[in-house]
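A.B. asks: The following block contains the structure, expressed as structure tokens.
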Amino acid sequence: MTVGFVGLGIMGGPMAANLLKAGHVVTGYDVAEERTAQLAAKGGVAARSVAEAVAGADVVITMLPDSPQVEEVAPVILEYGEPGLLYLDMSTIRPETSRRVAEQARRKGIRALDAPVSGGERGAIDGTLSIMVGGAAEDFDAALPILRALGTTVVHVGPSGAGQTVKAANQLVVGGVYALVSEAIVLLEASGVDPVAGLDVLAGGLAGSRILELKRHSMVKREFTPGFRVDLHHKDMGIVLAAAREAGVALPMAALVAQLVAAARAQGHGSLDHSALLKVVERLNT
Ligand code: NAD
């Protein structure tokens, strides 16, 4: 297929490369010229604008930082896309924005899906992302050959916006677990208990989680090289709170986690890994 790819950053760059490896023709565009050049060096086509990336494409993918960038780029895709185009927004944005874009696309005969991902840069490079997709079932089926080149767990979770809601729930749980593991480390150390031995036991019992499995050693060593940056998690907690407000539900833990992530950022840790929530809990106790 001919794929237009807009947003070739940490995630989008390797995802576009995987589509090339799968035999698709990929025309990429990024406001940062060096990103577009990197795709061209791997065998992609460099576009000089969003319109150029969209022209003649069967599928267009956006992998942009946040809702405002999608709101800026989506109208151009809808203007230049042919009727029948599949438009997959894989950025993490507000469910409400995804629903609005999908409705505008529908009026132009363009099939839009929200398809945010989890799995980080490693998953993007290896093509092992988890992808949660919102939109019409027949559009999901049509997008599967593309999505399978990018991820191993690809699930249709409901209508437009549902993919973003699932991603918001994912970020809430991840943030909450980091906050609790941070408190566990502070408690163990303040009580004179070896945190490595303590967390080893936790990881093997009911408290076990993927975060404990992958991150307990780096957290105890205070290694916070990203990974997934605090700044991005701050953006995602904003999405969680907005989605909760729109759904009319109260999520007190989400509010607390959002404040802890905001504190990490305010303390200057925005570019550290989100496991640096530990620094915030430590600061509360020193
Ligand atoms: P990034 O900042 O590395 O990449 C975004 C790219 O979009 C940049 O290269 C930027 O130059 C480009 N861009 C911005 N505005 C543009 C515009 N108007 N037109 C064209 N290009 C534009 O971010 P990323 O880490 O690749 O994340 C992308 C999305 O994926 C975010 O929504 C993020 O929350 C989500 N995500 C990231 C990770 C991760 O581990 N990094 C994991 C899962 C999901």
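The values are calculated or read from the model by the stated rules, or taken from the named source; none is laboratory data. Values in this document were obtained by computation on a predicted structure and should not be read as measured data. So basically every Cβ, Gly included, is an ideal-geometry build from the backbone, and we count neighbours across all protein chains shown.
A.B. asks: Any residue in the stretch 1-29 that is part of a helix (DSSP H, G or I) and of a type outside the set (Ser, Thr, Tyr) sitting within a Cβ distance under 8 Å of a residue that is within 13 Å of the ligand (Cβ to nearest atom) and at pLDDT below 95? List the pairs, counting only those 6 or more apart or interchain.
C.D. replies: Pro14/Glu121
A.B. asks: Can I ask one more? Kindly indicate whether Val70 is within 15 Å of the ligand (Cβ to nearest atom) and touching a residue at least 40 places away in the same chain (Cβ under 8 Å).
C.D. replies: no
A.B. asks: Here's another thing I want to ask about it. Check whether at least one residue in the stretch 195-209 is among the charged types (D, E, K, R), in contact with a strand residue (DSSP E or B) (Cβ under 8 Å, 6 or more places away or on another chain) and assigned by TED's automatic domain parsing to the domain that holds Gly270, and report yes or no.
C.D. replies: no
A.B. asks: May I pose another question? Does Glu82 fit the bill of being in a helix (DSSP H, G or I) and over 20 Å from Val240 (Cβ atoms)?
C.D. replies: Against the criterion (in a helix (DSSP H, G or I) and over 20 Å from Val240 (Cβ atoms)), Glu82 does not qualify.
A.B. asks: Can you report the number of residues in the stretch 201-230 which are at negative phi and within 16 Å of the ligand (Cβ to nearest atom)?
C.D. replies: Looking only at the stretch 201-230, we keep the residues that are at negative phi, and these are 201-221, 223-226, 228-230.
Narrowing further to those that are within 16 Å of the ligand (Cβ to nearest atom): 210-211, 214-215, 218, 224-226, 228-230.
Residues in the stretch 201-230 being at negative phi and within 16 Å of the ligand (Cβ to nearest atom): 11 in total.
A.B. asks: Only one residue in Ala137, Ala105, Ala57 is free of Cβ contacts under 8 Å to residues at least 40 places away in the same chain, away from the ligand (no atom under 12 Å from the Cβ), more than 26 Å from His233 (Cα to Cα) and crowded, with 23+ Cβ neighbours inside 10 Å. Which one?
C.D. replies: Ala105 is the lone residue from the list that is free of Cβ contacts under 8 Å to residues at least 40 places away in the same chain, away from the ligand (no atom under 12 Å from the Cβ), more than 26 Å from His233 (Cα to Cα) and crowded, with 23+ Cβ neighbours inside 10 Å.
A.B. asks: Next question, about the same structure. Taking the criterion of being away from the ligand (no atom under 11 Å from the Cβ) and at positive phi, would at least one residue in the stretch 76-87 satisfy it?
C.D. replies: Yes: the stretch 76-87 contains one or more residues that are away from the ligand (no atom under 11 Å from the Cβ) and at positive phi.
A.B. asks: Turning to a different aspect of this structure: What residue, of Ala143, Ala168, Ala162, is among the small types (Gly, Ala, Ser), in contact with a Leu (Cβ under 6 Å, 6 or more places away or on another chain) and surrounded by 19 or more Cβ atoms within 10 Å (Cβ to Cβ)?
C.D. replies: Answer to the selection: Ala143.
A.B. asks: Same structure, new question: Report the residue count in the stretch 20-44 for those that are crowded, with 18+ Cβ neighbours inside 10 Å and away from the ligand (no atom under 15 Å from the Cβ).
C.D. replies: Result for the stretch 20-44: 2.
A.B. asks: A follow-up question, please. Considering the stretch 49-65 alone, what residues qualify as being in contact with a Gly (Cβ under 9 Å, 6 or more places away or on another chain) and in a loop (DSSP other than H, G, I, E, B)?
C.D. replies: Our first condition is that a residue be in contact with a Gly (Cβ under 9 Å, 6 or more places away or on another chain); within the stretch 49-65, this holds for 50, 52-65.
Result: Ala55, Gly56, Ala57, Asp58, Met63, Leu64, Pro65.
A.B. asks: Criterion first (part of a helix (DSSP H, G or I), closer than 17 Å to Gly158 by Cβ and more than 19 Å from the chain's Cα centre (by Cα)) does Arg106 satisfy it?
C.D. replies: Yes.
A.B. asks: Checking the structure you have, find out if any residue of the stretch 177-191 is modelled with pLDDT of 95 or more, more than 20 Å from the chain's Cα centre (by Cα), loosely packed, with under 15 Cβ neighbours inside 10 Å and not in a helix (DSSP H, G or I).
C.D. replies: Yes, that holds for at least one residue.
A.B. asks: Return yes or no: is Ile110 more than 15 Å from the ligand (Cβ to nearest atom), modelled with pLDDT of 95 or more, more than 21 Å from Gly175 (Cα to Cα) and among the β-branched types (Val, Ile, Thr)?
C.D. replies: The answer is yes for Ile110.
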